[in-house]
Amino acid sequence: MPMPAVSSYEKSFQRELTLPQALVSGCKALKYEHGALQVLAVTIGVDPNCFFLFYTDQHRKSECLDLASIRDTRIGEKRARLPRDPKLLQLCLIGSERDIPLEEKCMTLVVGSSYVDLRFISFIFAKRAEAHFWTKELFQLAYNFKTYNLSLERTLLKIYTRLKITSAPEVRIAVKDIIQYFYADKDDRRRCEKALEAHKNDPILLENFQFKDFLRLYSQIVPRPGEEKAIEQVFTSLTGSKSVKYLTDEQVKDFLNRTQRDPRLNEILHPHATVEGARKLIVDFEPHESMKTANQLSQDGLMRYLMSAENLIVHPSYFTIHQDMTQPLSSYFINSSHNTYLLGAQIKGKSSAEMYRQALLSGCRCVELDVWDGENDEPIITHGRTLTVPISIKEALDAIADYAFKTSDFPLILSLENRCSARLQDKLGRYLKRAFGPALLDKPLTTHALESGVLLPSPENLKNRILIKNKKRAPTVGPPPNVYKDPAGGDRLTPELEDVMDDSDTDEEAAPDDSPDVELDASVTAVSQSGQMVSSGNPMVETELSALVNYVQPTRLDSFELAKKRNRAYECVSLVEDRAMLLLKKDPVNFIDFNKRQLTRIYPNGTRVKSTNFLPFFYFSSGCQMVALNFQTADLGMQLNTAMFEQNGRSGFLIKPELMRRKDRTLDPFTESPLDGVVPAALTIRILSGLMLSFKRISSFVEVDMYGIVVDIDKKNHRTKSCPNNGMNPQYDQSNQPFSFRVTLPEMAYLRISVREERTSRLIGHCLLPVSKISPGYRHVVLRNEIGQTLPATVFVFVDVKDYVPSFQIDLANALENPISYQLEHHRKEKLDRLLDLTEDLEDQDPAVIEQVEDLRGNGALVTSHSEGDINGDHRPETPILARSPRDPAVVKDPRPSPLERFRSESMSGDRPKPLPGVPPPGTPHVPKRASIVAENSDDRAVQNRLLAVRAPSIEELKQQSKALKKICVKQNKELLKLQSKYDTNVKHLESAYDKEQGRMMVEHNKQRMALEKMISKGSKTERDLDTLLKSHESQRWDLCKKHAETLGALRKELYEKEFDINMGYHEEFYQAMEAEIKLQQIVLTEQLKNASKVNVDEMKNKLSQVAAKEMAELKAQNLDKVQFDQRRDDITQKNIHQAVAIAKKYDAFYEERKKTLAEEVQVLLGRVKRERAHVQQELENKCASKCRSLEEELKEKHLSAQ
């Protein structure tokens, strides 16, 4: 009999919403809700906008069921839910197809806002074809990416649709009835009715009540002052006047390019907005025909655009499958579940196969099965040694077979915690084959052999395949081939077999308070002294089950170095969260490198008895692929996981950043310095207002958090001030805003916006936004509930996001962004500054100079770049930007210290360090080279001396001042001390063992000698026999001594080699850090030189001003007529200008010469560092070689003396 295949489903989730006409037309059916006592005849249908499934009873009363709340649609035997009462079941027999089972005509909808509390609503159709059609189409609509990715406009359209459906029995509806729909509080309703006193009783004919009429009425019922204020300020900034109430097409284009455009986008792939695009926007969103004809956009039109699908904060394509799925399996984060079968707590609670269905529907690609021996000789799934209720293994496997690929075609991993006996393990293997059929990957692919150095297959290679993660059976062992005699005594495994036997699954929880140390050894098999393999924990994995394990073979993680040598990509490790955190803190770089090659599964600590979750981003930071969470608990950790895996079409696979995949790149998730090849991001956000957060009168506040790699997880409390007693349209205080973040790895960073109730801190809604995909400008953020379903609640925000540029590199960034305009502007400013510096303090200025200055001003030399969009009329960002000059007063200093400031602060603090081991003694500091341009007077000499005072430090000064170098020395000393301590301990143990062995030998020798002496006294032995025995004893003592000396020598040699490795490692790190410090110092020195030059110019300007003032005073004292006075004044002015220009040129020459010599000094310093680096390395090598030679000679001498 052929084995059944896993259920396959057609998927159209990535397509645009298309609604078959049959769903709009509707169909008659019987409705039954699980647990109800009646069956109702209804007409069901779907609204044309694809928001609701509605059903109308015989009294024309309609109810709506949100399609986004539908978790599943089911049909068929063991899937559909029918009434258990025979009388109700009899009422369900409708239609002419009486011979067809009722389950085939029954569609059951699974509805709920959590994975645990679910409703089951069944509809019984007259024909089987109708039931199957509705089941299939409703599922496609419920999981379409546009169903849960709404704009504010579609959210309001959804409210309008619900209002029309539920009011369908009425011909007309009054305005006050619509007001009651939005406001639950009586005071709020009265206030709104009072504002609409003249129209509150106006009847509205539902047939003519269009969506545009609803929007007009909605704007009166629910005013949005925060959004209106922001739009007014946008208009003011673009038009320059508060009275202008429209934007031209050119101004709309400027708004799109300057405020709403992402500056990180490539201008070729993503061109700027054009006038034609602005006109199209006006046609689409301007409600007034007269303005539309004149190519003008009103405030109402701009508001319509901001709430439309064209202004989503994240583009909808982000929620479709758009990532490369052809990389090895280890290159992806995989949505994973822990103890999937549990509905509640870990110790005492219910279990259900339904949780497997819900986890798989949500995109989970790794589920866990804890399999134990059960009654009736059948395996069961349960949390062993607890009070949880078990479930049948067959029930769980059937659920997995049905739902494995219902929402995702990519591979599913079954993580087995196998505690079954040998016999039931064989039965479990057969059950797996029978349940999954050809979908079960029981053999490795021919293109990806299970060999060292071969990468894992990709998700694309493994589409629609199920992988088993379980202990792999070790090969049967006979006595001699894989067992050898240990010199110390006893039998040992060969290294090859030891590798096999080390494959133990760490994800085995022995008890509720399991510890990782116990789990590591839970199932290790061993070999007895006779060579037979025995079990030290669970019975050995049986052949039928073991044969199904291939690309996910559990193993123990002894060390990253050993795993790298083995280079087996198919070996997977499971770590409890505590141990994984320890590895992340201790050795993050090697942990990430390990996860580039192999899979790692992280699971919660056994102390989380209430099924709480940890924050998954800590473990995603280390590149761990399967971070298993308790899906039944929708706490913060699970909310983040759900929101993160919503991208890429909810496929359950997310590709890791390049730094976590490529072998030639490294990543330290704790470092704050820029990463190799990654441009950091600067993000600023203002929370302006909320909308429809609650229909009740509540006080709320908004929290903003950043999650990503460890360094990007912001621990500050970014929250707005509370807005009291307003759940419909709260306006948030701007006094403690905006909130700014610097993001080191934007590809891995997510911004979370969450709204909470003030009194109880209850979560109202939240949203997780990928930093790399966030669109800047004014945006509406639609919130979601704990499991990712959309809510009507939204938050209006202003976001500014761009590439992060440190303050001291803004000039360079501006030059790189637009080198031609930057050069022209630089020349204009330089000329203007020189003229202003020479003339600003003169009492009378030359009219020609003033005219020239005004001409330069008019040409744009003093024009600064202003950005649109700040709601208070200030400049937009509070982080450094590319488009601004450092002189722009709008540029606010970055909250984090720049490298220049860090260097200064570090140089001013700390004690003098201990000298680095192996570094030559300090020499004399470097003396700066004298200037080649001859000073003409004392002022010139003072200028030169001030510039010469800025000098490059010596190597010794750097070592004394740099905190980074001190830290490296301290780390080196600590590691050396640790190595020495370990060596001392080993020597102590060796000496102790030697003393014991020597004592035992002496006792044995004495016994033998005394026995022989007795035999000599009796005459059976002679003195010659005694001499032979004593010589034998002496030889044994020398052999023991020699062996002890050789072992001790081996320990010492190992110590010398490890010392050398440590010294060489820190030697490289130390001198790389020193070179970085010198380059950083060059930036500091250049800045100091600029300041010194500015001081020189300021002094010169002051002296010339004094001379000019004195000459003008003398001129005024002379009684000259006006013509003579003007002529003499002009002569004095021209003379001073020429003199100032000549002196400025000379000072520029001094500055340029000193700048050149300073660069030479830095190069000389780098050369000295290079030579010292080579010298120290040679000394370390010589020292190690000398120690090893001395050790060999010492051992040789002992050997000769022993002979």
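The values are calculated or read from the model by the stated rules, or taken from the named source; none is laboratory data. Everything numeric in this text was worked out from a predicted model, so none of it was measured. Cβ atoms come from the backbone with ideal geometry, glycine included; neighbour counts cover every protein chain shown.
Annotations
- Across region 375-394, the qualifying residues are those that are closer than 15 Å to ARG430 by Cα and among the charged types (D, E, K, R), and the one among them that is farthest from the chain's Cα centre (by Cα) is ASP377.
- Pairs linking a residue in region 1114-1134 that is part of a helix (DSSP H, G or I) to a residue that is β-branched (Val, Ile, Thr) and surrounded by 12 or more Cβ atoms within 10 Å (Cβ to Cβ), with Cβ atoms under 9 Å and 6 or more positions apart or on different chains, are LEU1115/ILE1132; THR1133/THR839; THR1133/VAL849.
- Taking each residue of region 671-682 that is at positive phi and looking for partners that are surrounded by fewer than 18 Cβ atoms within 10 Å (Cβ to Cβ) and basic (Lys, Arg) with beta-carbon atoms closer than 9 Å, six or more apart or interchain, yields GLY677/ARG665.
- Residue-level check: of (1) in contact (Cβ under 8 Å) with a residue 24 or more places away in the chain; (2) basic (Lys, Arg); (3) over 24 Å from ARG1189 (Cα atoms), LYS1042 misses just (3).
- Region 790-807 - residue that is more than 24 Å from LEU675 (Cα to Cα) and in contact with a Ser or Thr (Cβ under 6 Å, 6 or more places away or on another chain) and, of those, surrounded by the fewest Cβ atoms within 10 Å (Cβ to Cβ): PRO792
- Selection within region 88-135 - touching a helix residue (DSSP H, G or I) at 6+ places or on another chain (Cβ under 6 Å) and either of a type in the set (Ser, Thr, Tyr) or assigned to a helix (DSSP H, G or I) (or both): GLU104, LYS105, TYR115, ARG128, ALA131
- Scanning region 144-153 turns up at least one residue that is at pLDDT 80 or above, within 15 Å of VAL46 (Cβ to Cβ) and in contact with a strand residue (DSSP E or B) (Cβ under 9 Å, 6 or more places away or on another chain).
- Within region 766-779, restricting attention to residues that are out of contact with any Lys or Arg (no Cβ under 8 Å at 6 or more places or on another chain) and crowded, with 21+ Cβ neighbours inside 10 Å, the residue that is farthest from GLN233 (Cα to Cα) is VAL771.
- Qualifying residue in region 572-589 (condition: of a type outside the set (A, V, I, L, M, F, W, C), at pLDDT 95 or above and either in a loop (DSSP other than H, G, I, E, B) or outside the structural domain of LEU440 (by TED's automatic domain parsing) (or both)): no
- Breaking point among (1) free of Cβ contacts under 8 Å to residues at least 24 places away in the same chain; (2) in a strand (DSSP E or B); (3) among the hydroxyl-bearing types (Ser, Thr, Tyr), for SER735: (2)
- Selection within region 108-117 - within 17 Å of TYR143 (Cα to Cα) and of a type in the set (A, V, I, L, M, F, W, C): LEU109, VAL110, VAL111
- Residues satisfying the stated conditions in region 1021-1045, i.e. within 60 Å of the chain's Cα centre (by Cα) and surrounded by fewer than 13 Cβ atoms within 10 Å (Cβ to Cβ): LYS1043
- Number of the condition not met by SER722 [criteria: (1) crowded, with 24+ Cβ neighbours inside 10 Å; (2) touching a Phe, Trp or Tyr at 6+ places or on another chain (Cβ under 7 Å); (3) hydroxyl-bearing (Ser, Thr, Tyr)]: (1)
- THR612 vs. criteria more than 23 Å from the chain's Cα centre (by Cα), assigned by TED's automatic domain parsing to the domain that holds SER415 and within 27 Å of PHE631 (Cα to Cα): no
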